[in-house]
1. Got at least one residue in the range 301-309 being of a type in the set (Asp, Glu) and farther than 30 Å from ASP352 by Cβ?
2. Return the residue satisfying two criteria in turn: it lies in the range 63-84 and is over 13 Å from GLN107 (Cα atoms) and in contact with a Ser or Thr (Cβ under 8 Å, 6 or more places away or on another chain), and of such residues it is surrounded by the most Cβ atoms within 10 Å (Cβ to Cβ).
3. Which one of these does VAL115 not meet: (1) open to solvent by 10 Å² or more (accessible area, probe 1.4 Å); (2) more than 20 Å from ARG132 (Cβ to Cβ); (3) of a type in the set (Val, Ile, Thr)?
4. Here is a list: LYS204, LYS130. Which entry is open to solvent by 30 Å² or more (accessible area, probe 1.4 Å) and either in contact with a Gly (Cβ under 7 Å, 6 or more places away or on another chain) or free of Cβ contacts under 8 Å to residues at least 60 places away in the same chain (or both)?
5. Can you say whether ALA124 is closer than 16 Å to LEU99 by Cα and open to solvent by less than 40 Å² (accessible area, probe 1.4 Å), as far as the supplied structure shows?
6. Among the helices (runs of 4 or more DSSP H) confined wholly to the range 181-265, which include 2 or more residues that are of a type in the set (A, V, I, L, M, F, W, C), within 24 Å of the chain's Cα centre (by Cα) and over 14 Å from ASN170 (Cα atoms)?
7. Take GLY91 and tell me if it is within 23 Å of ALA125 (Cβ to Cβ) and either open to solvent by 70 Å² or more (accessible area, probe 1.4 Å) or out of contact with any His (no Cβ under 8 Å at 6 or more places or on another chain) (or both).
8. Of the conditions (1) within 25 Å of GLY271 (Cβ to Cβ); (2) open to solvent by less than 60 Å² (accessible area, probe 1.4 Å), ALA339 satisfies every one except a single condition; which number is it?
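The values are calculated or read from the model by the stated rules, or taken from the named source; none is laboratory data. Small disclaimer: the values here were computed from a predicted structure and weren't measured. We place every Cβ from the backbone using ideal geometry, glycine too, and count neighbours over all the protein chains shown. What goes into the accessible areas is simple: the full protein's heavy atoms, side chains included, and nothing from ligands, DNA or RNA. Shrake-Rupley method; radii C 1.70, N 1.55, O 1.52, S 1.80 Å.
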Amino acid sequence: MAADTPISAIDTLLVEASDGRSDAQYQLAECYAHAWIVERDRQLALHWYISAARSGHRRAAMRAGITSLDSTLVADRKEIAALLKTAAESGHPGSQSFLAWCFHHGQLVPQDLSVAVGWYQRAAAAGDVKARHNLALCYQRGDGVRKDLERAFVWFSRAAEQGYPKAQLNLGRALSEGWGCRRDVSKAVHWYEQAADAGNEKAKLNLGMLLIGGEGLLQDDERGASLIREAAFSDYPKAQYVFAQLLQKGLGCAPDPQEALAWLQRSAELGYAKAQLLLGRRLKPPESERWLVAAARQGLSDAQYQLGKYYLRRGELEIAYEWFCRGGDAGHGKSAHCAGVCLATGQGSGKDRAAAYDWFCRAIELGHERSSAAAEKMAAKLPSVMHRRQTKN
């Protein structure tokens, strides 16, 4: 008998799926999802995943949930959530893990971090590697559970030993920085290498930086630069920014200021705020303004301060004052001081000595020592303000 052709194979699946066989429905969904035998069609894939899940196929329920995250697809997401919960309650680790993720991020179900942790724990106990990694993140951040770096370390370790690159990366970070464990740079290097070998660009960058900044046998500037270069070529903007610095300084590679600028621009174009700030400081107007604005709008306080100075030099005092205030609100001491100066002198704002005094005090709290003299000078002009402050304290 001749072997089935691709067409007859899919026809067979269609017949069996239409007859209600859950395994055939699931396999047909996989074919449409991954373009096996047929052209990719995510809507049809979702249809057959749901059909299989209704017939009790637990993995299909999980896959239906994952596929339905595509907002362009038409689906009854309440039904999908119910099917997913049924699969999770029946003990399917993958469904438990994904249901936990849904509660964690407010997808398909309302966000509930404590419920998410409960499902992560059940799936992690059953060996689900993603649940183990995500449970570690919950302990690391204090999401839905008391922050516990030692427990985070334990779960990162278990997931890393199962070969999960993200867990290997985070385990390397923990060992490198010594949170939840005793600091061990040589072990950090091992886990970074595991994740890097699996193609994790963040691990390549972290390993590269560890080798460049390493001591004794760990130091290897050339290998470190090579790893960071690999990550940069994979369009990882932070790696591009760091590689630009290496090229500028000639650290681990030949110095090349022109190529450094090109990498800095690539990083900035991909939205990396620190690269945008550095370009804004290096380039001339109007390009400098473009990049400073881009970085400042991302909330980078140093960029907000630099942008305030930029507009101050141009005589656009109201805009300068606005950016100094934003920088000060974001915790930048120099910005807070400049906002105080604007209010004290009426540059870009109405004169307001009391508000100026408050900004100078804020700058002092943020570590800007020069603001102490300015605050004392302003306080001398505001005895009533000083009296209220002293009474309050």
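1. First pass over the range 301-309, keeping only residues of a type in the set (Asp, Glu): 302.
Checking which are farther than 30 Å from ASP352 by Cβ leaves us with none.
No, because not a single residue in the range 301-309 is of a type in the set (Asp, Glu) and farther than 30 Å from ASP352 by Cβ.
2. Ranking the candidates gives ALA75 first.
3. So the condition that VAL115 fails would be (2).
4. Details: LYS204 fails: open to solvent by 30 Å² or more (accessible area, probe 1.4 Å).
The conditions single out LYS130.
5. Values: closer than 16 Å to LEU99 by Cα: yes; open to solvent by less than 40 Å² (accessible area, probe 1.4 Å): yes.
Taking the combined requirement at face value, the residue satisfies it.
6. Details: elements: 185-197, 201-212, 221-233, 237-249.
So the answer is 201-212, 221-233, 237-249.
7. Numbers: within 23 Å of ALA125 (Cβ to Cβ): yes; either open to solvent by 70 Å² or more (accessible area, probe 1.4 Å) or out of contact with any His (no Cβ under 8 Å at 6 or more places or on another chain) (or both): yes.
Yes: the conditions hold for GLY91.
8. (1)
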